[in-house]
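These notes concern the structure reproduced below.
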Amino acid sequence: MTEKAARQLKAGRRLSRRFQVFLVGEGALVGLVGGGVVTLYRLSLSIAENGLRTLTSEFAGNALLMAAWFAILAVILMVVSKLMLWEPYTQGSGIPQTDAEVIGRIDMPWHRVMAAKFAEGTLCAFAGLSLGREGPSVQLGGMSGKAVSKALKRDRGEERLLVTCGAAAGMSAAFHAPLTGVLFAVEEIHKQFSAPLIISVMTASVVSDFLVSQVLGVRPVLKLSFANDLPHVDYLVVIVLGVVCGIAGALHNKGMFYAQTLYDKIKKNLPYARLAIPFAVAGIVAFTFPQLMDGGDAIVEMIQAPGVLATGAIVSLLIGKYLFTTISFASGAPGGTLFPLVVMGSLVGGLFGVGMINLLGLPSGYVSNFVALGVAGLFSGVVRAPVTAVVLVFELTGSLDSLLSVSIVSIIAYVTANLMKVDGFYEFLLAKLLGTTADDPDVQGESETEIHTFVVGMGSAMEGKLIKDVSWPEGTRVITIDRSGQQIVPTGGTQIEALDTLLLIMRSETEEEDEATIRQMTRGGVESRWTPTKR
C-alpha cells in the first residue's frame with residue numbers, strides 16, 4: 001500500500017468513527033423527540049379511556065343517556081373520518097406505512113401524520129374501539145425521526161435510519177420495553193443488521209424509555225409474572241403450546257385478512273361507511289361486555305390470578321376480544337393490534353394452562369407461566385418476529401427463568417405458522433399498501449410472498465435495460481432501487497444500471513426458480529451478491 005493510500009484509509013476510518021458518533025447523537029435526539037410525543041400520546045389515551053369508563057358506567061341502564069352515548073359516537077365517527085380523509089396515511093396501525101417509508105416506497109408528510117394520528121388515536125380510545133397504542137406509537141416515533149432528519153437536512157439514506165430509530169423509540173415508549181423497541185425496529189422495520197444501525201437505534205430506544213419513566217414511572221405497561229420454570233420433563237407441554245400458538249396465530253391472520261376483504265366490498269361513502277360498523281359495535285359492547293373495550297389491560301391481570309376466571313369466561317373473553325379487534329382493525333380505523341394481541345396471547349396461554357393443570361395435575365401456580373408463554377407464542381405466530389417476542393416477554397416478566405421455555409414456544413409457533421402458509425401480519429399489510437397482495441391478478445392465488453434483494457452486476461443481461469423491457473418472472477414486482485445510496489421508486493421507464501440494488505417481491509410457490517432466473521439476469525463478470533429477506 002502506498003503512503004497516499006494509507007493516509008486516505010486512515011482518514012476514511014476517522015470519518016467513519018465520527019459518523020458513528022454523530023449517529024449516536026442523532027439517535028438520542030430522535031429518542032428524545034419520539035419519546036416525548038409518545039409519552040404525551042399515552043397520557044392522552046389514559047385520559048380518554050378513563051373518561052370512557054366513567055361515562056359508560058354512569059350511562060348504563062338509562063335508555064336516554066345510552067342513546068346520547070350513541071350520538072356522541074356518531075360525532076366522533078365523523079371527526080375521525082374527516083381526519084382520515086385529510087391524511088390517508090393514518091389509517092390502520094401505522095406500522096406498514098412506517099415499513100414503506102423505510103424502504104422508500106412512500107413519502108409521508110410527517111407533520112400531518114403526527115397531528116392526525118394523535119387525534120384519531122385519542123378519539124378511537126374514547127369511543128372504546130378494540131385497538132392498541134403500539135402501532136400508532138411506532139408511526140408517531142417514525143415520523144419524529146423524519147422530522148429530526150428534515151430539521152438536520154439529512155439525505156434520504158440517513159433519513160431512513162432515523163425513521164427506524166423513531167420507530168424503536170415509539171415501541172419502547174409504548175411498551176416501556178427498550179430492548180423490545182430495538183429488536184422490533186431491526187427485525188420488523190429495517191430488516192438489516194449493522195453496527196451503526198444497532199447503536200443508533202438502541203440509543204433512541206433507551207433515551208425514549210428513560211423519558212417515559214420520568215413521566216409515567218418505571219412500572220411496565222403490563223406486568224407478567226413467571227413462577228419457577230417448569231421441570232424439563234414437562235417441556236413436552238411447552239412444545240405443544242408452541243404448536244397451538246402457531247396455529248392460533250395463522251388463524252388470527254387468516255380471519256383478519258378475510259375481514260378486510262369483506263370491508264373492501266363497501267365502496268361508497270368512505271371511510272364513513274366502514275367505520276360506522278366498529279363504532280356501532282363499540283356502543284353495544286360498552287353496555288354489554290365492557291371488558292372488551294380498548295386494549296384490555298384488566299383482562300391480563302384477571303387471567304394471571306388463579307381461579308378468578310372460569311374456563312367458560314376465558315373462552316368468552318378470547319372469542320369476544322378477537323371478534324371485536326377484527327371488526328375494529330379491519331375497517332381501517334386508526335389504531336394498532338399489538339396490545340389486543342398481547343391480551344389474546346395471555347388468554348390463549350391461560351386457557352391452555354388451565355387445561356393442562358386439570359389434565360396433568362400441574363401446580364396451579366404455573367398458570368402465570370402459561371400466560372407469559374402464550375403472549376410470546378401468539379406474538380411470534382402472528383407477527384413472525386420470534387426474537388422480539390422472546391425479548392418482549394423477558395422485559396414484561398423481568399425473569400431470566402422464562403428465556404428457555406419462551407424461546408422454545410416462540411420458535412415452534414413461528415415454524416408452525418409458516419407451515420400453514422399464511423402471511424405474517426405486517427408483511428401482508430405492507431404488500432396490500434404497496435398494491436402487491438393476492439388480489440393483484442399477477443399474484444392471484446398465492447398465499448405468501450417473499451422479498452429479496454439483488455445487486456445488478458457489471459456487464460449483466462439486465463444492465464442498461466428499462467424495467468418494462470425485462471422478462472420478469474410472473475408475479476415479480478420491483479419495489480425500490482438503491483443507487484449509490486439514493487432510493488428510487490421505479491416506473492416501467494426506469495433504466496437499470498450496474499451495481500443497482502433491486503428490492504423485489506416474488507411469489508413464494510416459485511421462489512427458487514424465480515430467484516435462479518433473476519440471479520442469472522443480474523450476474524455480471526463476477527457472481528452477484530444477494531441477500532434474501534423473508535417477509
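Collect residues whose amide H, placed 1.01 Å from N in the peptide plane, falls under 5 Å from the amide H of Ile106; neighbours closer than 5 in sequence don't count.
Under 5 Å from the amide H of Ile106 lie the amide H atoms of Glu101, each far enough along the sequence or on another chain.
Would you mind listing how long the range 218-347 runs along its three principal axes, going by Cα atoms, in whole Å with the largest first?
In descending order, the Cα extents are 58, 34, 29 Å.
Let me know the charge dipole size of the range 104-158 about its Cα centre in debye, to the nearest 20, where only the beta-carbon of Lys, Arg (+1) and Asp, Glu (-1) is charged.
Once rounded to the nearest 20, the dipole reads 200 debye.
For Ile199 and Leu400, what is the calculated FRET efficiency with R₀ set at 22 Å and r taken between the beta-carbons, to the nearest 0.05?
Calculated value: 0.35.
When a/c is below 1.5 the answer is rounded, else prolate if a/b is larger than b/c, else oblate, so apply that to the range 37-101 with a ≥ b ≥ c taken from the square roots of the Cα gyration tensor eigenvalues.
Note, shape of the range 37-101 comes out oblate.
Efficiency by 1/(1 + (r/R0)^6): what FRET value for Asp469 and Asp107, r their Cβ-Cβ distance, R0 = 41 Å, to the nearest 0.05?
Efficiency for this residue pair is about 0.90.
On full extension of the chain, what length is gained from Val79 through Glu497, given 0.36 nm per residue of separation minus the C-alpha to C-alpha distance?
My answer for the length gained is 145.7 nm.
Nothing charged except the Cβ atoms of Lys and Arg (+1) and of Asp and Glu (-1): what's the magnitude of the dipole of the range 232-355 about its Cα centre? Round to the nearest 20 debye.
Rounded to the nearest 20 debye, it is 620 debye.
Which length gain, in nm to one decimal place, applies between Ala273 and Val233 when the Cα-Cα distance is subtracted from 0.36 nm times their residue separation?
Net length gain for the segment: 9.0 nm.
With 31 Å as the limit, write out which pairs from Lys223/Lys421; Lys117/Lys268; Lys117/Lys265; Lys146/Lys265 have Cα-Cα distances beyond it, or answer none.
The pairs that break the limit, which is 31 Å between Cα atoms, are Lys223/Lys421; Lys146/Lys265.
Relative to a virtual label point 7 Å from the Cα of Ala305 in the Cα→beta-carbon direction, which members of the range 351-389 show backbone nitrogen distances below 18 Å?
Hits in the range 351-389 for Ala305 at 18 Å: 351, 354, 364-369, 371-372.
For the chain, take the longest principal axis of its alpha carbons; what is the angle in degrees between that and the long axis of helix 311-330, to the nearest 10 within 0 to 90?
So the helix axis and the longest Cα principal axis differ by about 50 degrees.
Using the Cα centre as the reference, give the magnitude of the dipole from point charges on the C-beta atoms of the chain (Lys, Arg: +1; Asp, Glu: -1; all else neutral), rounded to the nearest 20 debye.
So the magnitude is around 1340 debye.
When the Debye formula is applied to the Cα atoms of the range 275-317, each taken as the same point scatterer, what base-10 log of I(q)/I(0) results at q = 0.18, 0.20, 0.31 Å⁻¹?
-0.59, -0.69, -1.09
Which whole-Hz ³J(HN,Hα) couplings does the range 108-116 yield from phi under the Karplus relation 6.51 cos²θ - 1.76 cosθ + 1.60, θ = phi - 60°, glycine and proline marked x?
Listing the rounded values in order: 7, x, 4, 5, 5, 4, 5, 5, 5 Hz.
Over the Cα atoms, compute the radius of gyration (one decimal) and Dmax (the largest Cα-Cα distance, rounded to a whole number) for the range 348-421, in Å.
12.2, 36
Evaluate 2.2 N^0.38 Å with N set to the residue count of the range 144-203, then give the Cα radius of gyration divided by it.
1.03
Give me the percent of Cα-Cα pairs in the chain that sit more than 42 Å apart, rounded to a whole number.
Of all Cα-Cα pairs in the chain, 20 percent lie more than 42 Å apart.
How far apart, in nm, are the 7 Å Cα→Cβ label points at Thr54 and Leu216?
Those two pseudo-labels are separated by 2.0 nm.
Given the convex hull over the Cα atoms of the range 290-412, what projected area results after averaging over all orientations, in nm²?
7.6 nm²
What's the extension gain from Ile284 to Val489 if we count 0.36 nm per residue and subtract their Cα-Cα distance?
This chain segment gains 69.3 nm when fully extended.
What distance in nm separates the simple spin-label points at Leu360 and Tyr258, each placed 7 Å from Cα in the Cβ direction?
If labels sit at Leu360 and Tyr258, their model points lie 3.1 nm apart.
In whole angstrom, and with the biggest value first, how far do the Cα coordinates of the range 251-326 range along each principal axis?
48, 28, 18
Values quoted throughout were computed directly from the atomic coordinates according to the rules given, and no laboratory measurement underlies them. Since we're looking at a predicted model, the values are computed, not measured. Counting neighbours? That spans all protein chains shown, and the Cβs are built from the backbone with ideal geometry, glycine included.
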